[in-house]
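Every read-out reported here was derived from the displayed coordinates using simple, explicitly stated rules and does not represent laboratory data. Fair warning: this is a prediction, and the values are worked out from it, not measured in the lab. Here the Cβ is made from the backbone with ideal geometry for all residues, glycine too, and neighbour counts use every protein chain on show.
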């Protein structure tokens, strides 16, 4: 593990992720970055925080880290394109933050469910770890061409931004 300040729940999730085939790892990325794109990574685990009357809700987005508003959408579109190439299909596409055409099998649903059960801090740790592994090309078993998150920041710098974000919230 690259993250030293995480708990057993996150470590267990990554043990399961490490056992997955690359296509399932890619589907997990698409799933969690889809949640991120739809503001569903928040401290209340609210499925639709945009409709919440709670003004004290913290929503994690790439713009929380200083990235442009559309950074996650661009990354999500890229992941869907890679999925279509990897699976030789043209069924998947991204439409305003919603990914359509990707079927989750039982393994994918179990990993997604495990992720959903994590608390806000644990989910932020998962994003940190995935960004580090993705950026260092250790997330996938096979060599895949990757899109960098930012020309000025590597995965470790972005993980530090996430850690600073957590500290700023006092979590």
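Ranked for footprinting exposure by Cβ neighbours inside 10 Å, fewest first, 88, 128, 63 give 88, 63, 128. If you model segment 1-113 as an ellipsoid using its alpha carbon gyration tensor, with each semi-axis the square root of five times an eigenvalue, the axes come out at 24, 20, 14 Å, biggest first.
Note on the chain: GNM, Cα springs under 10 Å; of 118, 100, 36, the largest mean-square fluctuation is that of 100.
Shape summary of segment 36-171, radius of gyration then Dmax from alpha carbon positions: 15.4, 45 Å. Distance between the pseudo-spin-label points of residue 121 and residue 87 (7 Å out from Cα toward the beta carbon): 3.6 nm. The length gained on full extension between residue 12 and residue 57, counted as 0.36 nm times the residue separation minus their Cα-Cα distance, comes to 13.5 nm.
For the options 101, 66, 155, a Gaussian network treatment of the chain with springs between C-alpha atoms closer than 10 Å singles out 66 as fluctuating the most.
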